[in-house]
1. Give me the pairs, please: first residue somewhere in the stretch 372-394 and touching a residue at least 60 places away in the same chain (Cβ under 8 Å) and closer than 18 Å to residue 416 by Cβ, second residue anywhere and assigned to a strand (DSSP E or B) and among the basic types (Lys, Arg), beta-carbon distance under 6 Å, and either six or more positions apart or on two chains.
2. Does at least one position in the stretch 321-329 carry a residue that is within 16 Å of the ligand (Cβ to nearest atom), without any contact (Cβ under 8 Å) to a residue 24 or more places away in the chain and among the small types (Gly, Ala, Ser)?
3. Can you tell me which residues in the stretch 225-246 are within 19 Å of residue 305 (Cα to Cα) and in contact (Cβ under 8 Å) with a residue 40 or more places away in the chain?
4. Can you find, within the stretch 162-212, the residue that is surrounded by the fewest Cβ atoms within 10 Å (Cβ to Cβ) among those that are more than 25 Å from residue 248 (Cα to Cα) and of a type in the set (Gly, Ala, Ser)?
5. Checking residue 427 against (1) of a type in the set (A, V, I, L, M); (2) more than 18 Å from residue 162 (Cβ to Cβ); (3) open to solvent by less than 40 Å² (accessible area, probe 1.4 Å), which test does it fail?
6. Among the numbered conditions (1) more than 14 Å from the ligand (Cβ to nearest atom); (2) among the small types (Gly, Ala, Ser); (3) crowded, with 16+ Cβ neighbours inside 10 Å; (4) within 26 Å of residue 76 (Cβ to Cβ), tell me where residue 285 comes up short.
7. Go through the stretch 78-89 residue by residue and tally those that are out of contact with any Phe, Trp or Tyr (no Cβ under 6 Å at 6 or more places or on another chain), within 16 Å of the ligand (Cβ to nearest atom) and open to solvent by less than 40 Å² (accessible area, probe 1.4 Å).
8. Name, by its number, the condition in (1) under 25 Å from the mean Cα position of the chain (by Cα); (2) surrounded by 17 or more Cβ atoms within 10 Å (Cβ to Cβ); (3) within 19 Å of residue 211 (Cα to Cα); (4) more than 16 Å from the ligand (Cβ to nearest atom) that does not hold for residue 113.
Amino acid sequence: MSSSALHDRGNARVRTGRRAALVSAAVGTVAAGMVLALATAASAGTTLATAAAEKGRYFGTAVAANKLSDSTYVGILNREFDMVTPENEMKWDATEPSQGQFNYTNADRIVGHAQTNGMRVRGHALAWHSQQPGWAQNLSGSALRSAMVNHVTQVATHYRGKIHSWDVVNEAFADGGSGARRDSNLQRTGNDWIEVAFRTARTADPGAKLCYNDYNTDGQNAKSNAVYAMVSDFKARGVPIDCVGFQSHFNSASPVPADYQANLQRFANLGLDVQITELDIEGSGTAQANSFANVTKACLAVSRCTGISVWGIRDTDSWRASGTPLLFDGNGNKKAAYTATLDALNGGTTPPTSAPSTTAPPTTPPPGTGCTASLSLQTWTGGFVATVRVTAGSAGTNGWAATVTLPAGTAVTNAWNAQNSGSTGTVRFGNVAYNGQLTAGQSTEFGFQGTGTPPSDTPSCTAS
Ligand code: G2I
């Protein structure tokens, strides 16, 4: 499978109310004998997810299942993010507490929340030396290798079709200058344990991107050089790997490296995606804000940096809360770091808070009312990912629905940035709350994954 073909091209979300404001401004201006162009200004996102989507990226966060009953937390989550990573709920100790006994209760809650709200999921983590259940810690050799393979198979199969990217292997290299693998019970089963995990994950969930994820690999150093050599070798030998995750846990002792962007770029040049997977930066005020902006700009400057995830929502949600390393304070207020990140996503501009008061030069609105839809596909034996681009006609949209006709035997397993009615035959995908409003000519994308033969007809589109 070509990993690049599975690239997310984000949905361009539109701030609620902008279209109405533009239209009323237009009416008033035309009445005065002047001309106002609709939607000439490059739109700026007003949330992390919308701003990232306009740059073709996702913006995600770690989520803890036990906080999904906290309305402040969920309010920020649903407003700002379009990707979630279960912070602990998909780890080996959580999903297989006794050997062969799988428990997906808490992870399923997070995946369900994501699906209901049009978000995607980063799976974390299938094989890791840490947070192993006691029974696995006590295994070694072929018994542990078999247990790992079974674990990867079971968990990746349970979530098949629902995961954007899996951290297949986490933190397998030693810190310091050795460039060696980290010693662990998994490593002692044989040096090939990592590629075995990747091949196993590909078989279990062929539609997910498969990532290697680590920390202290954010700049060029002995550890990241060792990961680079492993990934190069995997690409040369056809071991299935699609992405490298850079955790990006920073503080004064471990600041954002000066060569952060260059390091992302050299991995991307190997022909895979890079993702910022667990971003947090201890500190406060302008210094912290500048660091978040620099990380964000680095990702935007690397075309195969497909998204950024922060490791929690509010400072008080962080695994290192005392370092106040996140974008929202304990009360859920936006910090300077939030504004700097949003501005960086928007290319250094602050989004307008009201319709522009000056007139703009005329442009030709696109022909036709309603909307149109186009389909692109990434396929593999037995399945596919479809990306549908919805483009508004000259009247813009308050909402839209794209209808896709599926061949017999084909079923939708998962959709993002749209809600589907039904999963077989003629399936209707309606907008979700954040992407229904499009200005004239503006586009948004949604996607779905399916089993069976992919659709071949152009989807129909209706606007409201
Ligand atoms: O340590 C930061 C992250 C480094 N990269 C891998 C990530 O998976 C890791 O996340 C952290 C979680 O944020 C913590 O929440 O991983 C820790 C464990 O390695 C998590 O801490 C654990 C505590 O150690 C447990 O005592 C606790 O029961 O969180 C558990 C659930 O709250």
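1. As it stands, the answer is 374/389, since those pairs meet every condition given.
2. Checking the stretch 321-329: at least one residue is within 16 Å of the ligand (Cβ to nearest atom), without any contact (Cβ under 8 Å) to a residue 24 or more places away in the chain and among the small types (Gly, Ala, Ser).
3. 225, 227, 228, 231, 240, 241, 242, 243, 245
4. Only one residue tops the list, namely 190.
5. Only one criterion in (1) of a type in the set (A, V, I, L, M); (2) more than 18 Å from residue 162 (Cβ to Cβ); (3) open to solvent by less than 40 Å² (accessible area, probe 1.4 Å) is unmet by residue 427, namely (2).
6. Here residue 285 meets the rest and fails (3).
7. Count: 5.
8. The number of the failed condition is (3).
The values are calculated or read from the model by the stated rules, or taken from the named source; none is laboratory data. Everything quoted here is computed from the prediction, not taken from an experiment. We place every Cβ from the backbone using ideal geometry, glycine too, and count neighbours over all the protein chains shown. Note: accessible area is taken over every heavy atom of the protein model, side chains too, but ligands, DNA and RNA are not part of it. Shrake-Rupley method; radii C 1.70, N 1.55, O 1.52, S 1.80 Å.
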